[in-house]
Amino acid sequence: MQRIGVFVCWCGSNIAATVDVEKVAQTLAQEPGVVYSTHYQYMCSQAGQEMIQNAIREHRLTGVVICSCSPRMHEATFRKTVEKAGLNPYLLEIANIREHCSWIHKDKLTATEKAVILGRAAIAKVQLNAPLTAGQSPVTKRALVIGGGIAGIQTALDIAEAGFPVDIVEKKPTIGGKMAQIDKTFPTLDCAACILTPKMVDASQNENIDIISYAQVEKVQGFVGSFSVTIRKKARYVDETKCTGCGLCTEKCPQKKVPNEFNLGLDNRRAIYIPFAQAVPKVAAIDPNYCTMLKSGKCGVCAKVCTAGAIDYKQQDQLITREYGAIVVATGFEPIRLDKFDEFAYSQSPDVVTSLEFERLMNAAGPTGGTLLRPSDGSHPHTLVFVQCVGSRCDGGEKGKSYCSKICCMYTAKHAMLIREKYPDTEVYVFYIDVRTPGKNFDEFYRRAVEEYGVHYIKGMVGKVTPQDGKLKVQASDLLGGRQLRIDADMVILAAAIEPDKTARPLATMLTASMDTNDFFTEAHPKLRPVESPTAGIFLSGACQGPKDIPETVAQASAAAAKVIGLLVKDSLTCSPCTAKPDELMCNGCSSCEKVCPYGAITYIDKPFRGPNRTTLIRRVAQVNPAVCQGCGACTVACPSGAMDLQGFSNQQIMAEVDAICR
Amino acid sequence: MPVNETFKPTIVAFCCNWCSYAGADLSGTNRLQYPANVKIIRIPCSCRLNPMFILRAFQRGADGVILCGCHPGDCHYTTGNYYARRRMTLLFSLLDYMGIERGRTRVEWVSAAEGAKFAATMNDFTETIIKLGPNRRLEDLRCKTE
Amino acid sequence: MKTWKLSELDSLFAAIAAAQKLYIPADAAGQPAFTLWTPGLSMTKALNTGRSAKDLFFPQVENLVNFKVSGRRIQVEPGREEVEDFVIFGVRACDCRSFDILDSVFLSDPVDTFYADRRSHATVMTLACSEPEETCFCTSLGIDPQAPAGDVSCWAMEDTLYLEANTEKGQALLSSLPQLGQGEKPQTDASVFHRLPLKDLDFSVFGEKPLMDWFNSPVWDSLSQSCLGCGSCTFVCPTCQCYDVEDFDGGATIRRFRCWDSCMYSDFTMMAHGTNRPTQKERFRQRFMHKLVYHPNNHAGQIGCVGCGRCLQKCPISMNIVKVAKALKEGKA
Amino acid sequence: MQDRVMEKAAALLESGVCTRVLGWKTGEFFYDVTPAVFTSAEEVRTQMVYNPFCGPNLSKYLIAESRKEGKIAVFLKPCDTFSFVQLQKEHRIARDKVYAVGVQCDGMIDMDSLKALGLRGVTAAREVGDNLIVSTLYGEKTVPRREALSLRCRVCKSKRLNDCDEIIGEQGGDLPSDRFAQVEALEAMTPEERFAFWRSELSKCIRCNACRNVCPACSCEKCVFDNPGSGVRNKAAADSFEENLFHIIRAFHVAGRCTDCGECSRVCPQGIPLHLLNRKLIKDMNQLYGPYQAGADFDSKPPMLAFTPEDPEASIITNGRDGQ
Amino acid sequence: MSDWTQRIQDISGVNPRKCMKCGKCTAACPAYDRMEYHPHQFVDMVQSGRVEELMASRGIYTCLSCFACVERCPRNVEPAHIIEAVRLAVIRQQGGNHMKPDQIPGLLEEDLPQQAITSALRKYSKGG
């Protein structure tokens, strides 16, 4: 038989003014199972808590009901209170007679009656409460960072600095990401490579960091604290341990006509290549789509010139499986494809380029050695037109992305300024819808472009670009000036919208991390938990969560690292015991529960059961991982046999509350 | 139908812990009134609501049952209310098909910030139930107090 | 013999119902069932009801006792319904025989007072058969469908209903109906009963061998293999009499009631340690052993079946007592 | 067809493709066939039957049978194969232990339909062309075959044989079916009429559980209505509420899993049109969440275990679809 | 919202509030030089209730209905549909039809696409 104690709080006059607390205590004392019932001015006060603790000891209470304010206010407080008196903290229920009763009703009789019913429901529930113990699950003290751009590098460095081993998985042969392709950074105009490459070197030299380049995540199992991840390391046909990065092979390779992806196809590389001079790891890779040796078995020049003997045409993909406590997603972004924007003649003229291509054209290590030349004829351009919001801020669907890509205003100002600084003989036009410059020193930067560098900012859009007689005829509208402009430009630079990397969607599925309709990863809370995914143990770094510039990306990267460190310093995780629990004897193994679980907390095992007449039956039954389950209860309703129940909110408990309320 | 002045309906409101229960708390904090007939049961998420609980409430004497949860897209557990929405839509449709009055059940999304909406919803729902009169079609005579 | 015009059955029913409740077999939502007569209700055209006539003596759910709860006080109150005199009209010979079988169980010591109460208040008016279904086999069990027992036996022939009282109760009922006429019942034609496909079933064999021989017969495995474990056969059977006693907590009142149970159910006679009939084979065997062997063993050879054919019609997988009896006799399924 | 099915069954046993065959067995009459497992060609030849009365859906038996030693061959009609696939989707059948033979189906005949035509004391029936010649205790009668079809077969949704290892006869396809006509007729009634309809139907329920026990979707190890721990267990409907409760919850539990095989209504000893509850949910799901047929394939996600952010709100029901 | 704004919205099915005033429509407009108001201004004027000014303008008839603006608009605002609606509003207000079905035979020429006549009839006669 239960021995329940009821404690009715006055909350000063907050409750007592409209609820006859004495009568509530007296009436509830008559309920079956109640052995002690009292009321007090402030149950949450030191004295009130002591009162509860004494009653638990004196009356050997097996359950406690506190009629007070919302459980959202003091459930945690009172759980600690009863725990200190030796009662399991989950043998406590709170009847909310303040927010749900005394504060909304004026009539004392009505409010008192309702308070009694709410108390009764809590008593009915606590009768069925079971002592629950929070489980512990171990934490593997290693983190995985997926993506080796500036976000991934920064996160990895911060985690490594804190003393935890961390692996970076990068799909390209080198880390560095988009930032490695950028020339200068706003608003300081310092060289991107100068600030990025030291970090890349740091990462490669840090004992705690293992860079797994030219690799992709293939499978993710497990849950927060103990993920098991399988990584496919693609064959690069070069032994990483032997290659010295001398680059001789890349000079001798006879296959010279391979579009160079690092320069966005603006020039060519060889079939064996090192993406760029400061690549990390600085190891060559053979492109199997172009290598004559791999395709036809004839050639082998690179193997002949390699003094280190690093070339290995027989190399195979390698599968690496490692355990991690936390996973950081840093998959970054890509500019969108522009085939839908015929009006800008992107596919008709090589002189119409994207901003990222323009970065390469301005870069000293780029295809033109840093001299700005028209891609079509290598001449010096005099008139340049920038078009903003290409594919951003559209109506969604066919038209383009509905969001603002955030970084274009600033990098365009940067480009315009750099051109004007280097080539004062140029005219630079920027067509904009709005100029958005929220950020430290951002607006000042933009104003400098206008005021000091004489860039022509024109409110309005370009309607059409027509290549004609070696020029680009730009038809545009100056909305503020109220005139139609026709500019004979030498180059047009398009600020293409950015979108999440294509590999993010399948990765999100593997991680059971949610995404929004644009394929950006969803954060656990848009304001309060911006660097965590709703899936425990998965963290977000950089542009995979939304468009970001470099400072923001680095800030988020470090924030994600801090969250990861906070997780990895723990030896084990305490999980809420209010989790789903299957009754194996009832479970059919039908997988309904698994399909609705947002956390992938449910798995199945084949388990032997004793059948009738000494037989053994092997049955498929559900298993809930309490470390992953967050206790939403979706599975309990999906389960047709009622095998799945939720601890702390069981079917029986909720029905007991219903019964008590409707009685 | 004439409105029964003396009819005091029993109304059960299932509220998800994260949005609607907090919304109900806020409506209390702001001293917004709604009828005492409404009794709230806290569940972790709207997807925890088993159709069985709704039928149970009617069996035990409820005249109306309402489910409140986070707005679609705002579920604390990301997807719970989407499942709840399908389940309730189908359950309500089946009840309607069996001739149970449509107004006796309802789903309303109430965020933690919508204290006023919570109170307004409860006022409106209570009014609807009073208009409908006592639940006779899904009652269990054994649970009626003589 | 007393008579009544068949075309004016309605007024006969009205005359009976004037004094006491009357139940007749009528169609309710397409299903023939014994139904409380109210003006306008007419007899079903079907040979027999879906559920048997036992419902009127042994209803599916019956309240036994109530416990009133208030706070911590519990008050025990009788839950028995007051039974008034009533008449059942149109009971077929098979169902009428089932009352004997139920009596032998419920009226033997200790007497089931709930059942006894209803029995004593009832007057049974049977109705002779003339158009049997192919599933009928009451004749194999020594029942004459053309001469049904009961307090009053009735025959519907051509345009006349002939009535004959067999008991004092029957006599009293008929004499309370002065409007009845007088006439001679013509000869009945038994030819169709001789053409019944199941007329030659032999149930006498079950008394000839030791009980355990039947129990250990190899046929049970294959007979029971497709049984769904539902309770259709037991619930439509006029002689099944198992029940369970349960409590329902309605808040203010807890009701203790009994309801039909089925030995085909996996939780039948479930106990703390589990069940003693762990598979459907044991449950299936129990039902038919009870009808064919245990009951006759305990009740002077009376077979626990009346040949109404309901289980032949209703079993979802067409497994029934005829197939079982034949298979047992032949020793193979 | 009878001969081809029996030949195939015997051949499968003789060649050792399977050790057991699940089919139908002869009875006292021509129509009372019982599902049965045969272990030898001899048994098959003497006892097995395949005729237009072989209505019972054999799929559910495979849950237990596919757990046993050795491979079992099974004969499945098109509608049975939907259950077969659905049960596999729910991991209830070990496919590698089953050899599935699909049998072309021209619609099954059922005694209820013959009785509805006023036939009594039916002792035999044979198919002649499009007609059925029925012998009764009271003489012979000829009825059109289509009028003798079981109700479910008259609105057959598909003749497609899903996931069979072999097919006897011809593979069929989905059919245009007006199976929702009855549901629509009910929807067109007033709530009061609908309430009266379902009360009169469900009050006939004797809770024999035949509908549940025959239902391939009701494959729970233990039903909530049998489980004392569930809080809703009951053995008989002691109040009209419990009649409703059982059937509402059952319809809900099989929603998205019910293939509309019609077994529930076929077996109900009280003639309750239980399929109308399941069909209502099927119709709703098709309308609200896009067409879905349980058991039609292995990949699609059942509507109750899926969602889209754009799903309609429950208010479309509670406010009335017609704005009432 | 002014009545006119609502009416134009109803006729055109276009919501001018979706416009983010980028001017791409105007930039793409081949009839720019002959127009008193330009596509982005049409949208703005409808939104701010200056429909009558627009109706009085000759510029609305210089729109070629080439749909370049509709094609280019990133927000699916569809200025050409708005202009069309304003023209219709003018016709409806005048009450008369600028073209009647019995005029059609006289207009039929071999070089003139029939579609143009149909389109003109639809445009210049009062709808039902």
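The values are calculated or read from the model by the stated rules, or taken from the named source; none is laboratory data. Since we're looking at a predicted model, the values are computed, not measured. Virtual Cβ from ideal backbone geometry, glycine too; neighbours counted across all protein chains shown.
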Quiz item: Quick one: which of E:ALA68, E:ALA89, E:ALA28, E:ALA85 is in contact (Cβ under 8 Å) with a residue 40 or more places away in the chain, buried (at least 19 other Cβ atoms within 10 Å of the Cβ) and over 26 Å from A:GLY460 (Cα atoms)?
Solution: E:ALA89
Practice problem: May I ask you to list the residues in segment B:18-49 that are surrounded by fewer than 24 Cβ atoms within 10 Å (Cβ to Cβ), part of a loop (DSSP other than H, G, I, E, B), under 15 Å from the mean Cα position of the chain (by Cα) and at the interface with another protein chain (Cβ under 8 Å from one of its Cβ atoms)? | Solution: B:TYR34, B:ALA36
Quiz item: Say we look at segment D:217-268 and pick out the residues that are more than 9 Å from every other protein chain (Cβ to nearest Cβ) and polar (S, T, N, Q); which of these is surrounded by the fewest Cβ atoms within 10 Å (Cβ to Cβ)?
Solution: D:SER265
Quiz item: Can you name the residue in segment C:229-245 that is facing another protein chain (nearest Cβ under 7 Å) and in contact with a Cys (Cβ under 9 Å, 6 or more places away or on another chain) and, of all such residues, is farthest from D:CYS264 (Cα to Cα)?
Solution: C:ASP244
Self-check item: Only one of A:GLU50, A:GLU93 that is outside the structural domain of A:LYS178 (by TED's automatic domain parsing) and within 38 Å of the chain's Cα centre (by Cα)
Solution: A:GLU93
Quiz item: Looking only at segment D:41-96, which residues are under 15 Å from the mean Cα position of the chain (by Cα), in a helix (DSSP H, G or I) and of a type in the set (A, V, I, L, M, F, W, C)?
Solution: D:LEU62, D:CYS79, D:PHE82, D:PHE84, D:VAL85, D:LEU87
Quiz item: How many residues, within segment C:280-333, are over 24 Å from D:ASP112 (Cβ atoms), within 11 Å of chain D (Cβ to nearest Cβ) and polar (S, T, N, Q)?
Solution: 1
Quiz prompt | Counted residues, segment E:1-49 - those being acidic (Asp, Glu) and at the interface with chain A (Cβ under 9 Å from one of its Cβ atoms) | solution = 1
Quiz prompt | The listed residue being modelled with pLDDT of 95 or more, farther than 30 Å from A:LEU91 by Cα and out of contact with any strand residue (DSSP E or B) (no Cβ under 8 Å at 6 or more places or on another chain), out of A:GLY152, A:GLY163 | solution = A:GLY163
Quiz item: Across segment A:115-144, what is the total count of residues that are aliphatic (A, V, I, L, M), in a helix (DSSP H, G or I) and within 19 Å of A:MET1 (Cα to Cα)?
Solution: 5
Practice problem: Find the strands (runs of 3 or more DSSP E) located wholly in segment C:1-103 whose residues include 2 or more that are within 18 Å of C:PRO148 (Cβ to Cβ), and list them. | Solution: C:2-5, C:21-28, C:31-36, C:86-91
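Is it the case, given these coordinates, that C:PHE248 is at the interface with another protein chain (Cβ under 7 Å from one of its Cβ atoms), touching a residue at least 60 places away in the same chain (Cβ under 8 Å) and among the hydrophobic types (A, V, I, L, M, F, W, C)?
Numbers: at the interface with another protein chain (Cβ under 7 Å from one of its Cβ atoms): yes; touching a residue at least 60 places away in the same chain (Cβ under 8 Å): no; among the hydrophobic types (A, V, I, L, M, F, W, C): yes.
Criteria not met by C:PHE248.
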Self-check item: Of all residues in segment C:180-237 being among the β-branched types (Val, Ile, Thr) and more than 23 Å from the chain's Cα centre (by Cα), the one that is nearest to C:GLU282 (Cα to Cα)
Solution: C:VAL219
Quiz item: What's the number of the condition A:ALA622 fails, among (1) on the phi > 0 side of the Ramachandran plot; (2) touching a residue at least 24 places away in the same chain (Cβ under 8 Å); (3) not in a loop (DSSP other than H, G, I, E, B)?
Solution: (1)
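Conditions (1) closer than 22 Å to A:GLU343 by Cβ; (2) not assigned by TED's automatic domain parsing to the domain that holds E:SER119; (3) not in a loop (DSSP other than H, G, I, E, B); (4) not basic (Lys, Arg), marked per residue:
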| site | (1), (2), (3), (4) |
| --- | --- |
| E:ARG7 | no, yes, yes, no |
| E:ALA27 | yes, yes, yes, yes |
| E:ASP33 | yes, yes, yes, yes |
| E:VAL43 | yes, yes, yes, yes |
| E:ILE60 | no, yes, yes, yes |
| E:GLU71 | yes, yes, yes, yes |
| E:ASN76 | yes, yes, no, yes |
| E:HIS81 | yes, yes, yes, yes |
Quiz item: Any idea which residue in segment A:257-295 is nearest to the chain's Cα centre (by Cα), counting only those that are among the acidic types (Asp, Glu) and part of a loop (DSSP other than H, G, I, E, B)?
Solution: A:ASP287
Exercise. Please enumerate the residues belonging to segment A:630-654 that are under 18 Å from B:LEU55 (Cβ atoms), under 30 Å from the mean Cα position of the chain (by Cα) and either assigned to a helix (DSSP H, G or I) or more than 8 Å from chain B (Cβ to nearest Cβ) (or both).
Key: A:THR636, A:VAL637, A:ALA638
Exercise. Please work out if A:GLU584 is closer than 30 Å to B:ALA13 by Cβ, of a type in the set (Asp, Glu) and outside the structural domain of A:LEU92 (by TED's automatic domain parsing).
Key: no
Exercise. Test A:GLN475 against the stated conditions and say whether it is surrounded by 17 or more Cβ atoms within 10 Å (Cβ to Cβ), touching an Asp or Glu at 6+ places or on another chain (Cβ under 8 Å) and farther than 30 Å from A:VAL531 by Cβ.
Key: no
Exercise. Look at D:ARG212 and say whether it is part of a strand (DSSP E or B) and either at the interface with another protein chain (Cβ under 8 Å from one of its Cβ atoms) or surrounded by fewer than 18 Cβ atoms within 10 Å (Cβ to Cβ) (or both).
Key: no
Practice problem: Could you tell me whether segment A:140-160 includes any residue that is within 25 Å of B:ALA57 (Cα to Cα), touching a residue at least 12 places away in the same chain (Cβ under 8 Å) and polar (S, T, N, Q)? | Solution: no
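Modelled with pLDDT of 95 or more and over 30 Å from D:PHE30 (Cβ atoms): which single residue out of C:PHE114, C:PHE137 fits that description?
After ruling out the rest, the residue left standing is C:PHE114.
Per-residue answers, yes or no, for (1) surrounded by 21 or more Cβ atoms within 10 Å (Cβ to Cβ); (2) within 30 Å of C:PHE137 (Cα to Cα); (3) within 14 Å of chain C (Cβ to nearest Cβ); (4) among the basic types (Lys, Arg):
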{"site": "D:ALA10", "(1), (2), (3), (4)": "no, no, no, no"}
{"site": "D:GLY16", "(1), (2), (3), (4)": "no, no, no, no"}
{"site": "D:GLY23", "(1), (2), (3), (4)": "yes, yes, yes, no"}
{"site": "D:THR26", "(1), (2), (3), (4)": "no, yes, yes, no"}
{"site": "D:TYR31", "(1), (2), (3), (4)": "yes, yes, yes, no"}
{"site": "D:PRO35", "(1), (2), (3), (4)": "yes, yes, yes, no"}
{"site": "D:ALA41", "(1), (2), (3), (4)": "no, no, no, no"}
{"site": "D:LYS77", "(1), (2), (3), (4)": "yes, no, no, yes"}
{"site": "D:GLN88", "(1), (2), (3), (4)": "no, no, no, no"}
Practice problem: Would you be able to tell me the number of residues in segment C:46-73 that are over 19 Å from the mean Cα position of the chain (by Cα) and either free of Cβ contacts under 8 Å to residues at least 24 places away in the same chain or under 25 Å from C:ASP95 (Cα atoms) (or both)? | Solution: 4
Quiz item: Which of the residues spanning segment B:50-77 are without any contact (Cβ under 8 Å) to a residue 12 or more places away in the chain and either crowded, with 23+ Cβ neighbours inside 10 Å or closer than 16 Å to B:THR105 by Cβ (or both)?
Solution: B:ASN50, B:MET52, B:ARG56
Quiz item: Restricting to segment D:192-209, what's the tally of residues that are more than 7 Å from every other protein chain (Cβ to nearest Cβ) and acidic (Asp, Glu)?
Solution: 1
